Amino acid sequence: MLTKRIIACLDVDAGRVVKGVRFLDLRDAGDPAELASAHSRAGADEIVLLDISATHQNRAILLDAVRRAARELFVPFTVGGGIRSLEDAAAVFAAGADKISINSAALADPTLITRIAERYGSQAVIVAVDAKRLPRANGACWEVRSAGGRKPTGRDALEWVREAESRGAGEFLLTSMDRDGTGSGFDCELTAAVVGATSIPVIASGGAGGPQHFVTVFREGRADAALAASIFHFGLNSVAELKQELRAAGIPVRWPC
Amino acid sequence: MIAIVDYRAGNLVSVKKAVDRLGFTCAITSDPAVVERAEKVIVPGVGHFAATATLTDTGLREAIANVFRHGTPFFGICVGMQWMFESSEEAPGTAGLGVFPGQCTHFSPEVKAPHVGWNDLEIEAGSQLLRGVPSGAFVYFTHSYRAPLVAGTVARCDYGGLFSAAVECGHLFGVQFHPEKSGETGLAILDNFCRF
């Protein structure tokens with residue numbers, strides 16, 4: 001049976017992990033290669049590395065971190081942050097990434113999705129979507145935001161995911177701007193709406209505050225995968241512990257891992 | 001030396017990295033002469049079945065046909081495995097190698113395509129490629145087309161019905177999943193091939 005994926009996310013600034021899933025006795029901040037490998041051993045089904053600074057001068061440092069992380073990683077490895085062109089994507093793939101994640105650059109020029117997909121395959125292109133709920137009298141509606149959620153685009157999230165899929169996106173990384181950092185649970189209504197609007201896998205992100213929130217987003221949000229950031233906030237030491245909780249609740253996960 | 005055949009489809013870095021890690025010498029090549037001389041040949045592949053037409057155009061198909069005749073161990077991964085069948089619905093005009101009979105078809109409409117993620121294998125006893133891998137082991141898939149069950153099927157997977165996850169015929173092997181992305185299980189399978 002196809003299992004639900006738990007994806008460990010590491011936020012990297014100037015080549016160091018500044019926020020991420022805490023693993024056993026390793027400290028949060030640390031070396032991306034070391035932490036990526038540790039999360040893989042602890043049961044993460046995939047690793048995402050997000051370059052949160054994404055400045056020009058940090059690019060070489062990022063590529064070096066990607067190269068070192070990829071060397072010891074034998075599960076799918078995604079790199080995002082600051083990819084603005086086919087050349088940027090090519091450099092990240094050459095360093096050892098299996099997939100790239102693009103967000104603002106895809107909104108500014110949706111043909112970028114197609115150009116990367118034609119060269120590397122759709123399975124290698126994740127479109128990250130930051131969605132914010134709009135107040136509306138009849139039914140729910142979400143607006144896409146760019147620039148790390150700061151900039152409203154005026155675009156309807158469901159309309160954007162349909163376009164991105166038709167242009168060659170292989171998966172969506174969907175973050176609820178309303179829930180991100182709150183610990184109040186994933187936005188299952190948003191997740192289910194995006195899952196219903198497209199036929200490609202959806203990775204839910206934003207708002208996890210406990211294992212039960214993962215159970216709910218898989219069951220009610222119909223997410224294919226969920227991003228785990230900072231799970232130590234709810235008293236777990238590793239992805240394996242989270243997966244044990246999911247198994248007990250009857251969610252299919254890769255086990256043993 | 002193990003030749004990893006480059007036909008300009010997707011990214012071959014991860015396959016090379018896994019073979020390197022297992023301690024075997026390998027090289028990414030698009031030179032038919034290098035492929036023919038290699039001790040073992042891997043055809044990786046992500047992307048479209050039509051990309052395999054490049055193999056014909058560049059003389060690599062002929063080199064691989066010679067590899068088959070010489071008894072050189074051969075390993076097709078993902079589209080590389082699908083290419084070992086007769087054809088695929090994805091590119092009806094492109095002929096496969098026909099090592100295994102039948103056509104690769106799109107997933108049934110009741111399941112989401114592509115099939116992305118970790119799924120478990122039902123393994124046949126006696127497989128050389130999957131030696132030591134228990135039935136129920138999880139591996140990583142990403143594909144929209146699936147190969148039919150054939151006499152050479154050594155592992156089945158269920159996603160909207162059973163399909164061939166691994167095939168084997170003498171010294172010729174193929175897997176639909178990505179052993180280079182399937183953790184310790186995947187590395188064990190690649191190791192079995194590299195030692196064959």
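Some observations on this one:
- Solvent-accessible area assigned to carbon and sulfur over the range A:5-248 amounts to 48 percent, based on a 1.4 Å probe.
- Computed FRET value (nearest 0.05) for B:Val150 with B:His171, which takes r as the C-beta separation and R₀ as 25 Å: 0.90
- When +1 charges are put on Lys and Arg Cβ atoms and -1 charges on Asp and Glu Cβ atoms, the dipole computed for chain A relative to its Cα centre reaches about 80 debye.
- Equivalent ellipsoid of chain A: semi-axes from √(5λ) of the C-alpha gyration tensor, largest first, are 25, 24, 16 Å.
- Highest-first arrangement of A:206-214, B:156-164, where packing means the average Cβ count within 10 Å: A:206-214, B:156-164
- Ligands, DNA and RNA left out, the 1.4 Å accessible surface of the range B:2-194 is 50% carbon and sulfur atoms.
- Only beta bridges with both residues in the range A:5-248 are counted; by DSSP, about 25 percent of them are antiparallel.
- Highest mean packing first, where packing is the average number of other Cβ atoms within 10 Å per residue, the peptides B:118-126, B:141-149, A:245-253 line up as B:141-149, B:118-126, A:245-253.
- DSSP-assigned coil residues among trypsin sites (Lys or Arg not before Pro) in the range B:4-33, each with at most 13 further Cβ atoms within 10 Å: B:Arg8
- Beta bridges per DSSP with both ends in the protein assembly as shown, % antiparallel, nearest 5: 40 percent
- FRET efficiency for B:Arg69 and A:Glu72, using Cβ-Cβ distance with R0 set to 45 Å, rounded to 0.05: 0.70
- Cα gyration tensor shape of the protein assembly as shown, rounded if a/c is under 1.5, else prolate or oblate by comparing a/b with b/c: prolate
- Averaged over the residues of B:109-119, the number of partner chain Cβ atoms lying within 10 Å of the residue Cβ comes to 6.
- Segment A:Ala140-A:Ala60, extension gain: residue separation times 0.36 nm, minus the distance between their alpha carbons: 24.6 nm
- Exercise: per-residue mean of other protein chain Cβ atoms within 10 Å, A:69-81: 4
- The stretch between A:Arg219 and A:Ala248, if pulled fully straight at 0.36 nm per residue, gains 9.1 nm over its current Cα-Cα span.
- Computing FRET efficiency as 1/(1 + (r/R0)^6) for A:Ser199 and B:Arg37, where r is the C-beta to C-beta distance and R0 is 60 Å, gives about 0.85.
- Distance between modelled label sites at B:Ser108 and A:Glu159, nm, 7 Å Cα→Cβ extension: 3.7 nm
- Of the beta bridges in chain B, as assigned by DSSP with both residues counted there, near 55 percent are antiparallel.
- Counting only Cβ charges, +1 for Lys and Arg and -1 for Asp and Glu, the dipole size of the range A:132-241 around its Cα centre is about 320 debye.
- Rolling a 1.4 Å probe over the heavy atoms of the protein chains gives the range A:20-149 an accessible area of 39 Å² per residue.
- Taken residue by residue and averaged, Cβ atoms of other chains lying within 10 Å of the Cβ of B:41-54 number 1.
- Per the accessible-area calculation with a 1.4 Å probe, the total area buried between chain B and chain A rounds to 2400 Å².
- A simple count of charges around A:Asp98, restricted to other residues whose Cβ falls under 15 Å of its Cβ and scoring Lys, Arg +1 and Asp, Glu -1, yields +3.
The values are calculated or read from the model by the stated rules, or taken from the named source; none is laboratory data. No experiment lies behind these values; they were computed from the predicted model shown. As a convention, Cβ positions derive from the backbone with ideal geometry for all residues, glycine included, and neighbour counts pool all protein chains shown. To get the accessible areas, we keep the full protein, side chains included, count just its heavy atoms, and leave off ligands, DNA and RNA. Shrake-Rupley method; radii C 1.70, N 1.55, O 1.52, S 1.80 Å.
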